[in-house]
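Scroll down for the structure; my scribbles are underneath it.
The values are calculated or read from the model by the stated rules, or taken from the named source; none is laboratory data. Computed from a predicted structure; not experimentally measured. FYI the Cβ positions are ideal-geometry reconstructions off the backbone, even for glycines, and counts take in every protein chain you see.
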Amino acid sequence: MFVTTAGRTNQEMIKKAREMAGNLKVDYIPRNKKSIHYLQMQANSECMVVGKERIELFGKGESQPFFFHPNSAMFRIKRLMKREHDPFVDAACLIEGTSFLDCTLGLASDSIVASYLVGESGSVTGVEGQPFLAFIVKSGLSTWDSGLSAMDEAMRRIIVVNENALNYLRRLPSESIDCVYFDPMFEESILESDGIKALGHFAIHEDLQEETIREAIRVSRQRVVLKDQYKSGRFQKFGFRVMRRKTAKFHYGWIEKN
């Protein structure tokens, strides 16, 4: 991995790119009017590109970059503002003041919705094991302007942790988080979305482990929630009660703590 700037650059972007490279402990390579493809061929590497509006992540040999976008969170929050239904909210029992831990943060869509619902008195932490994805999503959550102040405030409140979810759970006290959440569908859903297909190159291919679920149950005060494909065997394997929806490609399941 290396960091560079957009083609039309300035000193502010160069400074930001250098700082980013230092934080990520990777090389900074000056753009010098060279194409991204050329720089990648020379470095034989993926790269992050600092632009005026956003940071882009290019897989090696990929022409389409990944960049942060709140994805479905925008229209879901608009629906919630109209007091319309969202099954995720029911599954996770999210109310004002709830603490929520997303163990598969990805693009943070569910975490943004959760943060909107739990408000300032609640808390949302998202764990993402891929360091470059975690960096871009954390940056995007702190800078994205959705045009909805309530949504922007929700994004700013999310704490992003770059770590393996199981290792993070092991360090948490028992019954310290109201709801612990998993979405192993994240990898498939991003590959179906045209705007973010490039992210599939960086996804961490890791199935849920029994120890991870056990630790999640230990850490949770109320519920452990799983979002998965409607045909998934994980619900039965780990003992989740399932909220089945006839026309949906995915279901929610939960393990009640008390």
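What to note about this one:
- Residues (over 11 Å from the mean Cα position of the chain (by Cα) and in a loop (DSSP other than H, G, I, E, B)) located in the range 106-129: Gly119, Glu120, Ser121, Gly122
- Scan the range 52-70 for residues that are touching a helix residue (DSSP H, G or I) at 6+ places or on another chain (Cβ under 8 Å) and part of a loop (DSSP other than H, G, I, E, B) and the total you get is 13.
- Verdict on Arg83 being outside any helix (DSSP H, G or I) and farther than 23 Å from Val219 by Cα: yes
- Number of the exception - Gly59 against (1) of a type outside the set (D, E, K, R); (2) free of Cβ contacts under 8 Å to residues at least 60 places away in the same chain; (3) on the phi < 0 side of the Ramachandran plot: (2)
- Hits in the range 130-144 (condition: at pLDDT 90 or above and not in a helix (DSSP H, G or I)): Trp144
- Where helices (runs of 4 or more DSSP H) sit wholly within the range 160-258, those with at least 2 residues that are crowded, with 16+ Cβ neighbours inside 10 Å and at pLDDT 95 or above occupy 165-171, 210-219.
- Among the numbered conditions (1) touching a Lys or Arg at 6+ places or on another chain (Cβ under 9 Å); (2) loosely packed, with under 15 Cβ neighbours inside 10 Å, the only one that Gly97 does not meet is (1).
- Taken over the range 78-94, the residue count meeting the criterion of being aliphatic (A, V, I, L, M) and either in contact with an Asp or Glu (Cβ under 9 Å, 6 or more places away or on another chain) or not assigned by TED's automatic domain parsing to the domain that holds Phe182 (or both) is 3.
- Within the range 21-51, being part of a helix (DSSP H, G or I) and in contact (Cβ under 8 Å) with a residue 24 or more places away in the chain holds for Asn23, Leu24, Ile36, His37, Leu39, Ala43.
- Criterion violated by Val160 - all others in (1) touching a residue at least 60 places away in the same chain (Cβ under 8 Å); (2) touching a strand residue (DSSP E or B) at 6+ places or on another chain (Cβ under 8 Å) satisfied: (1)
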